[in-house]
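Student: One structure, as structure tokens, below. Some questions next.
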Amino acid sequence: MTLQIVEQVGRTDVGRQRSVNEDSLVLAPPFFAVADGMGGARAGEVASAMAADAFEGETDAGEPPEAQLSRILRAANRRIYDLAVADDSHRGMGTTVTAAKVTGDEVSLGHVGDSRAYRLRDRELEQLTRDHSLVAELERSGQITPEAAEHHPQRSIITRALGPEPDVQVDTYTVPGRPGDVYLICSDGLTSMISDDELGSILRSEESLDRAAESLVRAANQSGGKDNITVVLFRLGEGEPDSAAAPAPPREDETLAGELTTADVQEALEEAAPDATIVAPPQSRPPQPAPAPPPRRRRARLKIAARVLVVLVVIGAVGTGLYALSRQVYFVGTNNAGLVTLYRGIPYQLPFGIDLYQAEYTSGVPAGAIPKTRRARVLDHEWRGKSDAVDLLRTLERGELSG
């Protein structure tokens, strides 16, 4: 049985809190991919674009799919690394990549980083890739629970990416396909905002992949949209692909359904009927003021207001104390490019995205260079004095930390 790609779509969105979209996607059957770039001064945007460009000119020429995907990603890694070494403005840049190739009745995957691939089969959602992140490693080793991993302040710190090192290990998988299977490849801007249960519910409820992609991006934005959001979806079926399989052009959605303003409606009406006059419905009488609440209800509201005020005062006091503490301690972690970094503060985040830490110094040591037996211990965010933290970082840079 030979399966066909009968439907496909890609969407990317800058999110609600970023000014630049550093994600890239590939929608070039039989290849599909998502790359999530990282690095300052738009370097992440460059890295993810280079990863996506690596698929240009690739064909289904008989090379084993897993070997082909590994070759493509390793070649992209080398180009990104070489540019980062040659150009100081791109130092430390990198990107995740999760890619798929459909061959016959199988789907092969190549994966580096914490972007993800999922499969929806018989209404059941399954994650096909394993995250290369510090938190995922801690969870897999049993050092933290899945619940703690879900809310860890540095859950986006990755331990493997294209770019930080001259060579990279690429995870490859091949899974059998079935008619009706839906595959999702996405950046962590989606999975860090909505749960797998929500993700599966959206995929099951939408009639088309185009609507599913729109709904996924909208849900991530409504949950905060803290990062760029990119999704690629494709469906397998039997027979010849129909018109629905024509690639929907990937676009960056800046305005989603449910966010229309009065000005938008006015403009649409004027374009549809330029000579029409919009008349407000008549009011038979002026609006009457609402009656004053009964004294008992007013007293209850005052009590509630007083309790809210007390809670806010307590939160303010706790926040002030945490901030003061954050100026006195340091910890060692990794930045978004996977490089070992010295942070000042404590590894927590207050509501509204307020971090209680800031990067003080970024080394050139990738987390993957630390022996696995010591990695979790070194990068466990233990609170340290400045001299202790600096000594540890210098030891790592000298390569003196043995397994």
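Student: Would you mention how many residues in the range 1-30 are farther than 24 Å from Met50 by Cα and modelled with pLDDT of 95 or more?
Tutor: Counting residues in the range 1-30 that are farther than 24 Å from Met50 by Cα and modelled with pLDDT of 95 or more gives 5.
Student: Could you list, in sequence order, all residues of the range 43-67 that are under 19 Å from Gly113 (Cβ atoms), without any contact (Cβ under 8 Å) to a residue 60 or more places away in the chain and over 15 Å from the mean Cα position of the chain (by Cα)?
Tutor: Ala43, Val46, Ala49, Met50, Ala52, Asp53, Ala54, Phe55
Student: Next question, about the same structure. For the range 158-263, which fully contained strands (runs of 3 or more DSSP E) count at least 1 residues that are open to solvent by less than 60 Å² (accessible area, probe 1.4 Å), modelled with pLDDT under 95 and not aromatic (Phe, Trp, Tyr)?
Tutor: Correct list: 248-252.
Student: Would you confirm whether or not the range 83-105 contains a residue that is touching a helix residue (DSSP H, G or I) at 6+ places or on another chain (Cβ under 6 Å), in contact (Cβ under 8 Å) with a residue 12 or more places away in the chain, under 22 Å from Ile202 (Cβ atoms) and surrounded by 16 or more Cβ atoms within 10 Å (Cβ to Cβ)?
Tutor: So far as the range 83-105 goes, no, none of its residues is touching a helix residue (DSSP H, G or I) at 6+ places or on another chain (Cβ under 6 Å), in contact (Cβ under 8 Å) with a residue 12 or more places away in the chain, under 22 Å from Ile202 (Cβ atoms) and surrounded by 16 or more Cβ atoms within 10 Å (Cβ to Cβ).
Student: Between residues in the range 18-30 that are in contact (Cβ under 8 Å) with a residue 24 or more places away in the chain and residues that are open to solvent by 50 Å² or more (accessible area, probe 1.4 Å) and part of a loop (DSSP other than H, G, I, E, B), which pairs lie under 7 Å by C-beta distance while being six or more apart or on different chains?
Tutor: Listed pairs, sorted by first residue: Val20/Arg42; Leu27/Pro247; Pro30/Asp60.
Student: Please pick out the residue among Val112, Val85 that is among the hydrophobic types (A, V, I, L, M, F, W, C), within 17 Å of Ala161 (Cβ to Cβ) and in contact with an Asp or Glu (Cβ under 9 Å, 6 or more places away or on another chain).
Tutor: Values: Val85 fails: in contact with an Asp or Glu (Cβ under 9 Å, 6 or more places away or on another chain).
Testing whether each residue is among the hydrophobic types (A, V, I, L, M, F, W, C), within 17 Å of Ala161 (Cβ to Cβ) and in contact with an Asp or Glu (Cβ under 9 Å, 6 or more places away or on another chain) leaves just Val112.
Student: So is Ser48 modelled with pLDDT under 95, closer than 23 Å to Ser223 by Cβ and of a type outside the set (D, E, K, R) or not?
Tutor: Judged against the criteria, Ser48 is not a match.
Student: Ok, one more. Does at least one position in the range 145-154 carry a residue that is open to solvent by 10 Å² or more (accessible area, probe 1.4 Å) and either modelled with pLDDT of 95 or more or among the basic types (Lys, Arg) (or both)?
Tutor: No: zero hits.
Student: Right, here's the next one. In the range 126-140, which residues are open to solvent by 70 Å² or more (accessible area, probe 1.4 Å) and out of contact with any helix residue (DSSP H, G or I) (no Cβ under 6 Å at 6 or more places or on another chain)?
Tutor: The answer is Glu126, Arg130, Arg140.
Student: When you scan the range 49-57, do you find a residue that is within 20 Å of Cys186 (Cα to Cα) and of a type in the set (Phe, Trp, Tyr), even just one?
Tutor: yes
Student: Within the bounds of the range 120-141, is there any residue that is among the small types (Gly, Ala, Ser), modelled with pLDDT under 85 and farther than 16 Å from Leu73 by Cβ? Working first, answer last.
Tutor: First pass over the range 120-141, keeping only residues among the small types (Gly, Ala, Ser): 133, 136, 141.
Still in the running and modelled with pLDDT under 85: 141.
Subsequent filtering for residues that are farther than 16 Å from Leu73 by Cβ retains 141.
Looking for residues that are among the small types (Gly, Ala, Ser), modelled with pLDDT under 85 and farther than 16 Å from Leu73 by Cβ, one finds at least one in the range 120-141, hence yes.
The values are calculated or read from the model by the stated rules, or taken from the named source; none is laboratory data. Bear in mind the structure is a predicted one, so any value in this text is a computation, not a measurement. Glycine gets a Cβ as well: all are built from the backbone with ideal geometry, and neighbour counts include every protein chain shown. Ligands, DNA and RNA are excluded from the accessible area calculation, which covers all protein heavy atoms including side chains. Shrake-Rupley method; radii C 1.70, N 1.55, O 1.52, S 1.80 Å.
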